Amino acid sequence: MASRLCLLLLILCSLHVAQCGLRVYNVYARGIRPDPGNNNGDGYVRMSCGPVSKTTQVVFNTPNPNWHEELHYYGASPGNRLELRVYDKDVIFDDLLGICATNIQRGTRKQYCSLPTGGYLYFTYTLS
């Protein structure tokens, strides 16, 4: 019985080491350009990694939004794909302004990407 318990603990410990904690934070954009009918834009971001996703609140009427929400995923592993999609909120259909994606690595990383419609998205993630 004791040997089975030790084996079970060993297996559980090895699984815990394989899974990491991901935190995505400090998400902001500069110079985003929405559709021509809306001068400043009403931006939000949908962040996802694996089965976990989070959509930020809409920041209205600015080309330089800051989002204060975070994404947490405790089952993340190095090499998982982290994707941030930037949208402009509209009355009928929201416009996709761009997608930033990276394969996550251990440590803290500051990332940015150029959006095809104009402007940049910045974010930081930590994988521990």
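Here is how the numbers come out for the structure above:
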| quantity | calculated |
| --- | --- |
| Ile99, Ile104, reordered so the largest accessible area comes first (probe 1.4 Å) | Ile99, Ile104 |
| Dipole of region 15-128, positive direction: furthest Cα of Cys113, Ser128, Tyr44, with charges on the beta-carbon | Ser128 |
| Nonlocal amide H pairs with Asp94, under 5 Å, H built at 1.01 Å | none |
| Residue-normalised accessible area of region 84-128, expressed per residue, 1.4 Å probe, Å² | 56 |
| Heavy-atom accessible area order for Phe93, Phe60, Phe123, largest first, 1.4 Å probe | Phe93, Phe60, Phe123 |
| Solvent-accessible surface (1.4 angstrom probe) belonging to Leu84, in square angstrom, nearest 10 | 0 |
| Surface share of carbon and sulfur [accessible, 1.4 angstrom probe, percent] for region 25-74 | 45 |
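The values are calculated or read from the model by the stated rules, or taken from the named source; none is laboratory data. Computed from a predicted model, the values in this text were never measured in an experiment. So basically every Cβ, Gly included, is an ideal-geometry build from the backbone, and we count neighbours across all protein chains shown. Heads up: the accessible areas ignore ligands, DNA and RNA and are worked out on the full protein's heavy atoms, side chains in. Shrake-Rupley method; radii C 1.70, N 1.55, O 1.52, S 1.80 Å.
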